[in-house]
Amino acid sequence: MTRRPLTLRRVAAAAGRRIPRAPFRRLFPAEPLRPIFRFWLSVLASQPDRRKATRELLEVYEDAYRAVDRAAIAYDDGVHAKHRLTGYHEFFVERVSPGERVLDIGCGKGELAFDLVTRAGASVVGVDNSSFHLGFARSTFRDDRLEFVEADVLEHIPGGRFDVVVLSNVLEHVDDRVGLLRRVVASAEPGRVLLRVPVLARDWTVPLRQELGLPHFTDPTHFVEYEPDGFRAELAAAGLHVTELILTWGEIWATAVPKP
């Protein structure tokens, strides 16, 4: 996956994340501050410049969403609560058979790879370019049929043939997606590819953010977010035919097979 360039803003953000929050809990208790926070929001909304007011409120909304996202990871001990609550592993587990060899590209912390081993009965090679994520995966999920490889698939694809290739929330992080898919299919020779990607039209704030000139993707590292027709066209350009497409939870879940 494409790595983001190191900037002063990213360095400052990383440094800020290392400041312990526990000492501040007594200084900033939730209940007394919530009315003040709501009043502050109403002050922002009362600006005569309605465009500016809406932009600033949307930026606060985005900050709050990011904080909830991080809290959801801590809430389930390092694994985002969405894995459990949305049941998204089910789509992949139900489409993998016992004994199949699976390549999980962009496996992250290994949650899905482990389920494909223990629930679907597959042998899985998970590949990711994050040493932090793989450190969590290797210490948390262990099985003789599970292997984790640190690599950037734009430069290295694990060798051998795989029955299934999984790309769950990966394509949107890649600039040359068609090129990657072609290389993966040529190398792994899968019978099918299972994918999950974000949908662009997930709620009404997306066109509003676009209209106001704000970033409108769910993640600033995304190169693309999809509509079904564009997704099918992109996979077709990579030599893949979509045989199944499901829209749920603001995402596309799909099965594709290489064209003859």
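Quick one: is Thr2 more than 19 Å from Arg66 (Cα to Cα), surrounded by fewer than 10 Cβ atoms within 10 Å (Cβ to Cβ) and either under 31 Å from the mean Cα position of the chain (by Cα) or modelled with pLDDT under 70 (or both)? It is false that Thr2 is more than 19 Å from Arg66 (Cα to Cα), surrounded by fewer than 10 Cβ atoms within 10 Å (Cβ to Cβ) and either under 31 Å from the mean Cα position of the chain (by Cα) or modelled with pLDDT under 70 (or both).
Within segment 49-87, can you find the residues that are in contact with a Phe, Trp or Tyr (Cβ under 8 Å, 6 or more places away or on another chain) and more than 23 Å from Thr248 (Cβ to Cβ)?
Once the filter is applied, which keeps residues that are in contact with a Phe, Trp or Tyr (Cβ under 8 Å, 6 or more places away or on another chain) and more than 23 Å from Thr248 (Cβ to Cβ), segment 49-87 yields only Gly78.
Taken over segment 148-182, residues that are of a type in the set (Gly, Ala, Ser) and either within 16 Å of Leu194 (Cβ to Cβ) or crowded, with 21+ Cβ neighbours inside 10 Å (or both) amount to 1. Can you confirm whether segment 222-240 contains a residue that is modelled with pLDDT under 95 and either more than 26 Å from Val125 (Cα to Cα) or hydrophobic (A, V, I, L, M, F, W, C) (or both)? The answer is no; no qualifying residue exists. Would you say Glu211 is acidic (Asp, Glu), out of contact with any strand residue (DSSP E or B) (no Cβ under 8 Å at 6 or more places or on another chain) and modelled with pLDDT of 95 or more? Yes; evaluated as a whole, the condition is true for this residue. Take Arg145 and tell me if it is modelled with pLDDT of 95 or more and surrounded by fewer than 18 Cβ atoms within 10 Å (Cβ to Cβ). Considered against the rule, which asks whether it is modelled with pLDDT of 95 or more and surrounded by fewer than 18 Cβ atoms within 10 Å (Cβ to Cβ), Arg145 comes out as yes. If you go through segment 129-150 and keep only what is farther than 24 Å from Val174 by Cβ and hydroxyl-bearing (Ser, Thr, Tyr), you end up with Ser139, Thr140. When Ala233 is tested against (1) hydrophobic (A, V, I, L, M, F, W, C); (2) in a helix (DSSP H, G or I); (3) within 18 Å of the chain's Cα centre (by Cα), only condition (3) is not met. Consider segment 73-114 and keep the residues that are of a type in the set (Gly, Ala, Ser) and not in a loop (DSSP other than H, G, I, E, B). The one that is surrounded by the most Cβ atoms within 10 Å (Cβ to Cβ) is Ala113. Annotation: Glu244 fulfils all but one of (1) in contact (Cβ under 8 Å) with a residue 40 or more places away in the chain; (2) part of a strand (DSSP E or B); the unmet one is (1). From the list Thr243, Thr248, Thr218, the lone residue that is at pLDDT 95 or above, in the same structural domain as Leu112 (by TED's automatic domain parsing) and of a type in the set (S, T, N, Q) is Thr243. Residues that are of a type outside the set (A, V, I, L, M) and under 14 Å from Val165 (Cβ atoms) were ranked within segment 115-131; the one that is surrounded by the most Cβ atoms within 10 Å (Cβ to Cβ) is Gly126.
The values are calculated or read from the model by the stated rules, or taken from the named source; none is laboratory data. These figures come from a predicted structure and were not determined experimentally. Reconstructed Cβ throughout: ideal geometry from the backbone, glycine too, with neighbour counts over all protein chains shown.
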